[in-house]
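> Let me give you the structure first, and then I'll get to my questions.
Bear in mind that the values in this text are calculations on the coordinates, not laboratory data. All figures in this text were calculated on a predicted structure; none of them were measured in a lab. Using ideal geometry, Cβ is built from the backbone for each residue, glycine included, and neighbour counts are taken over all protein chains shown.
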Amino acid sequence: MLSSWSFANISFFQPPAFLIIGIPGLEAVHGWISIPFSSMYTAALTGNCLILLAVRRTPSLHQPVYYFLSMLALNDVGLTLSTMPTTLAVLWFDHQLISFNVCLAQMFFLHSFSVVESSVLLTMLFDRFVAISNPLRYASVLTNSVIIRIGLAIVARATLCLFAVLFLIKRLNFCPGNNVLSHSFCFHPDVMRRACADISLNIRYGLYVVVSTGGIDSLLIVLSYTFILRMVLSLASPRERIWALNTCASHILAVFVFFIPGVSMSMIHHFGRHLPAMVHTLVAYVYLVVPPALNPVIYSVKSKSIREAMFRVLRGKDKG
C-alpha cells in the first residue's frame, strides 16, 4: 500500500516540454510574417552592436552619457537574443516544442532584461538631471567607479527580483495536456496559468515585481522630468532652454517606446483576459521586439556624435 507521501509525489506533474505558438489564426502565413520579424531582429542586433563598437572605439565618447547608452544597447542585445531563437524557430520551421527547464531559463532572462531596461532608462535620466542641474560637477559626480557600481546594482536588482520566480514556477503542479503557451516565448503570466494549482502567490509576487521595478521607475521618471522642466523654464536664455530640452529628447522617445507597450501588456494580462488572443500576442511582440530595434535609430538620429561614430565603424575607421 502506497504511503500518502508516495501518492503525493506520484500525483505531482510537470510537463517535459511546452508547446509555443506564433500568431494565432495566421499559422498559414508564418513564412511571410517572419520577414518583418527577421528584419526587426536584424536591425536590433546590428544597431545596438554598432553603438557598442562606436562607443568603445571612439575616445571622445568615453563619457557617462555614452556609457549608459552602451548599457542600454547591451541590454537590448540580450533582450533580442532572449526571444529571437524560439520566435524564428516557430515562424521559419514550425518548431513549437521547448523543454520545461529551457522555458524557465528563457523566462528568467526575458523578464530580467526587461527589468534592467527599465532601470537603465531611469539611470540615463539621472545622468541628464545631473548634466542640466549641475554641469560643472557632472564629471566629478558620475565617475567611472560610480558608473560601474550603478551597473552592478542594476544587474543585482533584476537578478534578485526574478530569481524567486523560478522556484515559484517549479513548485507548481501542472495539468497533463495543458502545456500550450500563448506566445512564441515563455512569459511568466502565461506559464503559471498552465498549472492546476493555486497560483495566487505567483500572481502576488509577479505584481510586486512589476510595481517595485517598472512601476517605481516610471513614477520616478515622471517626477524627475517634472523637476527638469521646472529647471529648464527657469533658464534665462531661450538657447539654453532648447539645449536642455534637446538633450532629453532621445531619452523621452526611448521611455515612451518601452513603457507604453509594457504598461499595456501588464494591464492586458491582469484585466484583459477576455480580449482576443491576437491582442495579447501583438502587444507582447511590440513590447519585446520593437524597443531594441528602435533605440539605436532614436539615438543615432538625435545624436550627431553617435551617428558619426557609427559611420566610422562601418567604414573601418577608429578615429574619435
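> From the helices alone, meaning DSSP H stretches of at least four residues, give me the mean residue ellipticity at 222 nm for the chain, per-run term -39500 (n - 2.57), in deg cm²/dmol to the nearest 500. Intermediate values should be presented prior to the final figure.
Working: 12 runs with 238 residues, N = 320.
Helices in the chain give a 222 nm mean residue ellipticity of -25500 deg cm²/dmol.
> Can you tell me the length gained on complete extension of the stretch residue 268 to residue 92, counting 0.36 nm per residue apart and subtracting the Cα distance? Working shown, then result.
Numbers: separation 176, 0.36 × 176 = 63.36 nm, distance 2.79 nm.
Using 0.36 nm per residue and subtracting the Cα-Cα distance, I get 60.6 nm.
> Follow-up question, since we're still on this one. Mind grabbing the base-10 log of I(q)/I(0) for the stretch 253-320 at q = 0.13, 0.15, 0.18, 0.25 Å⁻¹? Debye formula, identical points on the C-alpha positions, no solvent, two decimal places.
Log-scaled intensity ratios, in q order: -0.51, -0.60, -0.71, -1.00.
> Let me ask you something else. Which of 274, 30 has the fewest other C-beta atoms within 10 Å, and how do the rest follow up to the most?
Listed from fewest to most nearby Cβ atoms, that is 274, 30.
> Calculate one ³J(HN,Hα) per residue across the stretch 282-289 by plugging θ = phi - 60° into the Karplus curve 6.51 cos²θ - 1.76 cosθ + 1.60, and present them in order as whole Hz with x for glycine and proline.
With coefficients 6.51, -1.76 and 1.60, one gets 5, 5, 5, 5, 4, 5, 9, 9 Hz.
> Once phi is turned into θ = phi - 60°, what whole-Hz ³J(HN,Hα) does the Karplus curve with 6.51, -1.76 and 1.60 give for every residue of the stretch 303-308, x standing for Gly and Pro?
Result, ordered by residue: 10, 5, 5, 5, 4, 5 Hz.
> Would you mind ranking 251, 269 by Cβ crowding within 10 Å, fewest neighbours first? Can you show the working numbers first?
Details: 251 23, 269 20.
By the 10 Å Cβ count, ascending, the order reads 269, 251.
> Whole-Hz ³J(HN,Hα) for each residue in the stretch 136-151, computed from phi via Karplus 6.51 cos²θ - 1.76 cosθ + 1.60 with θ = phi - 60°, x for glycine and proline: what do you get?
After applying 6.51 cos²θ - 1.76 cosθ + 1.60, I find 5, 9, 4, 5, 7, 7, 9, 7, 4, 5, 5, 5, 4, 5, 4, x Hz.
> Right, another one. Over all directions, what mean area does the Cα convex hull of the stretch 187-320 project, stated in square nanometres? Numbers along the way, then the final one.
Values: hull surface 48.4 nm².
Over every viewing direction, the Cα hull of the stretch 187-320 projects on average to 12.1 nm².
> Right, another one. How much length is gained if the chain between residue 136 and residue 211 is pulled fully straight, taking 0.36 nm per residue apart and subtracting their Cα-Cα distance, in nm to one decimal?
Numbers: separation 75, 0.36 × 75 = 27.00 nm, distance 3.52 nm.
Working it through step by step, the gained length comes to 23.5 nm.
> Here's another thing I want to ask about it. Test of understanding: ordering 260, 21 by Cβ neighbours within 10 Å, fewest first, what list do you get?
Values: 260 13, 21 16.
Neighbour counts put them in this order, fewest first: 260, 21.
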